[in-house]
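These notes concern the structure reproduced below.
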Amino acid sequence: MGAVSAVLVILMTILFPPIGVWAVAGCGADLLINICLTVLGYLPGHIHAFYLEYVYYDRREQAREGRYAARRAPGVYSDRVQTGGQGYGTIVQPTH
């Protein structure tokens, strides 16, 4: 399912870069930066969006293999992108 979602995110990014950024980073500083870059020029918005998606899917693959990046990727403000959608810490499950 990971390859299908990656292809869908790339197709969304080709049409409108902020949608792809929102899909991987959520609503935050990265999305605001991408909207500004897209307004200033369509190509800078694409470059930024594809960079974020590359970092996200690369970190996701590294986490799947049990390797974690030692440093933060430059220019990426979303923790979700930095960790590849995986949390480095433990998540306490809610009790019912």
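The numbers here are math on the coordinates, done by the rules we state, and not lab data. As the structure is a computational prediction, the values presented were derived from the model and not from experiment. Heads up, the Cβs are rebuilt from the backbone with ideal geometry, glycines too, and the neighbour counts pull from every protein chain shown.
Would you look at the GNM of the chain, springs on alpha carbons closer than 10 Å, and say which of R71, R80, R59 moves the most?
Sorting by GNM fluctuation, first place goes to R71.
Quick one: helix 42-64 against the long Cα principal axis of the chain, what's the angle to the nearest 10°, folded into 0 to 90?
That helix lies at roughly 10 degrees to the long axis.
Report which label in (1) 19.5, 65; (2) 12.5, 38; (3) 14.1, 50 holds the value of Rg and Dmax of the Cα atoms in Å derived from the coordinates of this structure.
(3)
Based on DSSP H runs of at least 4 residues, each adding -39500 (n - 2.57), what is the mean residue ellipticity at 222 nm of the chain after dividing by all its residues, to the nearest 500 deg cm²/dmol?
Details: 5 runs with 62 residues, N = 96.
The helix-only estimate for the chain comes to -20000 deg cm²/dmol at 222 nm.
Each label point is 7 Å from the Cα along the Cα-to-Cβ direction; what then is the distance between the points at I35 and L11, in nm?
Label-label distance for I35 and L11, simple model: 2.6 nm.
Angle, helix 2-15 long axis vs. longest principal axis of the chain, Cα atoms, 0 to 90°, nearest 10?
With rounding to tens, the tilt is 20 degrees.
So for each of 4-11, 26-33 I average, over its residues, the number of other beta carbons within 10 Å; can you give me the resulting order with the highest mean first? Intermediate results must be reported in sequence, preceding the final value.
Details: 4-11: 12.8, 26-33: 15.8.
Ranking, from highest mean packing down: 26-33, 4-11.
If you fit an axis through the alpha-carbon atoms of helix 29-40 and take the longest principal axis of the Cα set of the chain, what angle between them do you get, 0 to 90°, nearest 10?
10 degrees
Exactly which GluC sites (Glu not before Pro) in the stretch 1-79 are in a DSSP loop and have at most 14 other Cβ atoms within 10 Å?
Details: sites: E53, E61, E65; in loops: E65.
When the GluC sites (Glu not before Pro) of the stretch 1-79 are filtered for loop state and at most 14 Cβ neighbours within 10 Å, E65 remain.
Quick check on the stretch 1-44: take the gyration tensor over C-alpha atoms, sort the square-rooted eigenvalues as a ≥ b ≥ c, and tell me if it's rounded (a/c under 1.5), prolate or oblate. Show your work: numbers first, answer last.
On the way: a/c = 3.73, a/b = 1.60, b/c = 2.33.
Since a/c reaches 1.5 but b/c is at least a/b, the shape of the stretch 1-44 is classed as oblate.
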